Amino acid sequence: MKRIDEVKAAVAVVILNEENHVLLQKRADVGRWGLPSGHIEPGETVSEAAVREVKEETNVDITIHKLIGVYSDPESQAFAYPNGKVVHFITTCFLAQIVGGDLRCNSSESEDVQFFERHCLPKNLLTMHPKWLQDAFAKSEQAFIR
């Protein structure tokens, strides 16, 4: 196993539009595409964090439909930042729908935000996000624990 400097609770959100395209953001910190995601702040629930992170990164308001899964395996959930710090994320992933707002980069955390067809995703997708998307499209009634 790799060196891990820190463990953090996080959220990720799969947002689909009417055509079943998925919303991705190009992250400014690593220059890669991924689902809207981020850390849970002290005193915040996972659902509050998901709503806040999506608003901060994309300027849209969401409603959460269901839990996709909880991901904690350090083999897939450890992420090395450009500064060398390795964080093991325990991520709660939700499926959500846009209910308001205007889609745009809403913070310095995002270089771009746009919808992609599920079979035409960018090549430079964050490593853990394809599994979350696969689980989201699995149409399982039960949440995944991985």
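The values are calculated or read from the model by the stated rules, or taken from the named source; none is laboratory data. Just so you know, these numbers come straight off a predicted model, no measurement behind them. Here the Cβ positions follow ideal geometry from the backbone for every residue, glycine too, while neighbour counts run over all protein chains shown.
Which condition breaks for Lys131 when tested against (1) of a type in the set (D, E, K, R); (2) under 12 Å from the mean Cα position of the chain (by Cα); (3) on the phi > 0 side of the Ramachandran plot? The single condition Lys131 does not satisfy is (3).
For region 5-56, please list each of the strands (runs of 3 or more DSSP E) lying entirely inside it that holds at least 2 residues being modelled with pLDDT of 95 or more.
Hits in region 5-56: 6-15, 22-27.
Exactly one residue out of Ala138, Ala96, Ala80 is among the small types (Gly, Ala, Ser) and without any contact (Cβ under 8 Å) to a residue 60 or more places away in the chain, and it is Ala138.
Residue-wise test of (1) out of contact with any helix residue (DSSP H, G or I) (no Cβ under 7 Å at 6 or more places or on another chain); (2) within 28 Å of Glu6 (Cα to Cα).
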position: Asp61; (1), (2): no, no
position: Val70; (1), (2): yes, yes
position: Ala78; (1), (2): yes, yes
position: Val99; (1), (2): yes, no
position: Arg104; (1), (2): yes, no
position: Ser107; (1), (2): no, yes
position: Glu117; (1), (2): yes, no
position: His129; (1), (2): yes, yes
position: Asp135; (1), (2): yes, yes
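The set of residues from region 70-85 being assigned to a helix (DSSP H, G or I) and either closer than 24 Å to Phe115 by Cα or under 13 Å from the mean Cα position of the chain (by Cα) (or both) comprises just one member, Gln77. Restricting attention to region 48-63, the residues being closer than 14 Å to Val14 by Cα, in contact (Cβ under 8 Å) with a residue 40 or more places away in the chain and surrounded by fewer than 16 Cβ atoms within 10 Å (Cβ to Cβ) number 1. You will find that of Leu67, Leu35, the residue that is under 12 Å from the mean Cα position of the chain (by Cα), touching a residue at least 12 places away in the same chain (Cβ under 8 Å) and surrounded by 14 or more Cβ atoms within 10 Å (Cβ to Cβ) is Leu35 and no other.
Restricting attention to region 58-76, report how many residues are of a type in the set (Asp, Glu) and within 18 Å of Val87 (Cβ to Cβ). Quick ask: steps written out before the conclusion?
If we filter region 58-76 for residues that are of a type in the set (Asp, Glu), which is where we start, we get 61, 73, 75.
From the residues that got through so far, the ones that are within 18 Å of Val87 (Cβ to Cβ) too are 73, 75.
Result for region 58-76: 2.
Of everything in region 116-135 that's in a helix (DSSP H, G or I) and free of Cβ contacts under 8 Å to residues at least 12 places away in the same chain, which residue is nearest to Ala12 (Cα to Cα)? Show your work before the answer.
Of region 116-135, the ones in a helix (DSSP H, G or I) are 129-135.
Those still in the list that are free of Cβ contacts under 8 Å to residues at least 12 places away in the same chain too: 130, 134.
Values: Pro130: 12, Gln134: 14 Å.
Residue satisfying both the conditions and the ranking: Pro130.
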